[in-house]
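A.B. asks: Pasting in a structure now, in structure tokens, and then I'll have a few things to ask.
The values are calculated or read from the model by the stated rules, or taken from the named source; none is laboratory data. In this text the structure is predicted, and so the values were computed from the model without any measurement. Glycine also receives a Cβ, built like all others from the backbone with ideal geometry; neighbour counts cover every protein chain displayed.
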Amino acid sequence: MNRRCISVVFLFCILQIAKPETFDVIGLDEPIIVTVGDDAVLPCHVVPSTSLEDLEVRWFKLDFTTPVHLYAGKQDRPDLQDKDYRERTELFKNEFPHGNASLKLKKVKASDEGIYTCFIDFKSSYEEAVINLKIGGIGQPPWIHLKGTSNKGVRLVCKSDGWYPEPSVQWLDGNQKAANAKPETTHQKDSNGLFTVLTQIDVTSDSMNRFSCLMQNNLLNKAKEARLQIPEIFFPKINVWLIVFWVFVALVIIIIILEIMFHRRNRKRIKELQLFCILEGYKNMEINYPSVTLVKKTDYQEVEVSEDLKSVRWTGKSQPNAEKGLKDRSYVLGTEGFTSGRHYWEVEVIGKGEWNLGIVSDSVNWEEEIELKPENGFWTIGWLGNNLVVNTSDSPRQSIGDVPKKIGVYLSYESQSVSFFNADTKSHLYTFHGIKFPQKLYPILQTSENTSLKICPNSMKGSIVLKY
């Protein structure tokens, strides 16, 4: 029995001897606050105390592999150190026997702010602690000056540099109360990470005409202030008669604008016609306003004409027994064309799909696929790829603006031009100039899915019959 007890006690002693000793690395819970340019000590201790001479002590900020400071193999390793910290860090090696791994960081900069980790490798294990370093910078004494006068009073400007982080800014009056006006403040960071502050405010005269600019670093709880006394002569006086004069001028201008708008509304149609004529250099030439009508000639169902023969829409249907017609049966064109004169009609666009409209030559061979270009006998604009484009020879997708709801087509045979207008805003979209027209021209429409084109009604006599 005694022999068994002795064996148990002996085994217990061996286990206690073999059990590795555990250590804790202690930092600091509260942030360390240091002023720019000063030295900082980041505390780190091993508990229970043990010598660090044969261990690895690593300080790093963000990247473990790029240390702020590294002690390994009984020596510092500046070759592995982050270049921003070289020759600025130091360990207290005389304190190593007592387990002190604190780091001294010299001449701190704004960029040094952040979380640092103290990492110690005990060979059989490792421990670490984190320390939060806060940086504060007190800027230069503010410089305040009078910039000039404005309609709101006198403008004051205050400037100071060398702050970190961004300071709070406050304008005070002669009674050390906040100024009523709202200041405009900007912060600009320099190459050292410090802030230059520029603030300005418009102030009005009071009993003292004394104003101050206060900038405060809330982290360090320190502030700097600049004051300025403004002579009374700089504050503009309010001229009541001048105000009355400008109010009278504004009323006269408003009356004139309303009068112009009233007369424009009464003469709107006349001015629209004059606009189209003046664009060609004529003023008193007669314009024909044809009443465009649509007539179906085949049973082909790709497009469908309404019962009132005034609109056409895309159906996507096809009819096997349809008569031989256009290569692309989504086109619609006039059965009776133009050989002279000036003609104007409007087309309303309904839907968001693609379309084309304009003028086509009678010489087009409809049995072939033909690109919409002037050299092929087409003078059109259209909505393609979410753009309003003009189908020119140079660029078939020359963008000319947003899609209008209603488009005016104006043909002047003798002037050799075709013009397109936004009929809602009465604005010019595009004009084909210098066209050597063939013997006969026809209106043409082309539509696609989700879109219909509608001929707008007018009160003028005349007719154009459209076919497809």
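A.B. asks: Which one is nearest to the chain's Cα centre (by Cα), of the residues in region 54-68 that are under 14 Å from residue 133 (Cβ atoms) and free of Cβ contacts under 8 Å to residues at least 60 places away in the same chain?
C.D. replies: Once the filter is applied, the top-ranked residue is 62.
A.B. asks: Just to be sure before I move on: is residue 194 closer than 30 Å to residue 37 by Cα and aliphatic (A, V, I, L, M) in the structure I sent?
C.D. replies: yes
A.B. asks: Quick check on region 209-222. Is at least one of its residues crowded, with 17+ Cβ neighbours inside 10 Å and basic (Lys, Arg)?
C.D. replies: no
A.B. asks: For the condition modelled with pLDDT under 85 and closer than 18 Å to residue 455 by Cβ, what is the one hit in 402, 424?
C.D. replies: 424 is the lone residue from the list that is modelled with pLDDT under 85 and closer than 18 Å to residue 455 by Cβ.
A.B. asks: Just to be sure I understand the filter: pairs with C-beta atoms under 6 Å, separated by 6 or more residues or on different chains, first member in region 39-51 and loosely packed, with under 14 Cβ neighbours inside 10 Å, second member in a strand (DSSP E or B). Which pairs pass?
C.D. replies: Correct list of pairs: 47/24; 47/26.
A.B. asks: Can you confirm whether region 81-94 contains a residue that is farther than 27 Å from residue 162 by Cα, of a type in the set (S, T, N, Q) and in contact with a helix residue (DSSP H, G or I) (Cβ under 9 Å, 6 or more places away or on another chain)?
C.D. replies: no
A.B. asks: Let me ask you something else. Output the residues belonging to region 436-447 that are farther than 10 Å from residue 361 by Cβ and surrounded by fewer than 19 Cβ atoms within 10 Å (Cβ to Cβ).
C.D. replies: Correct list: 436 only.
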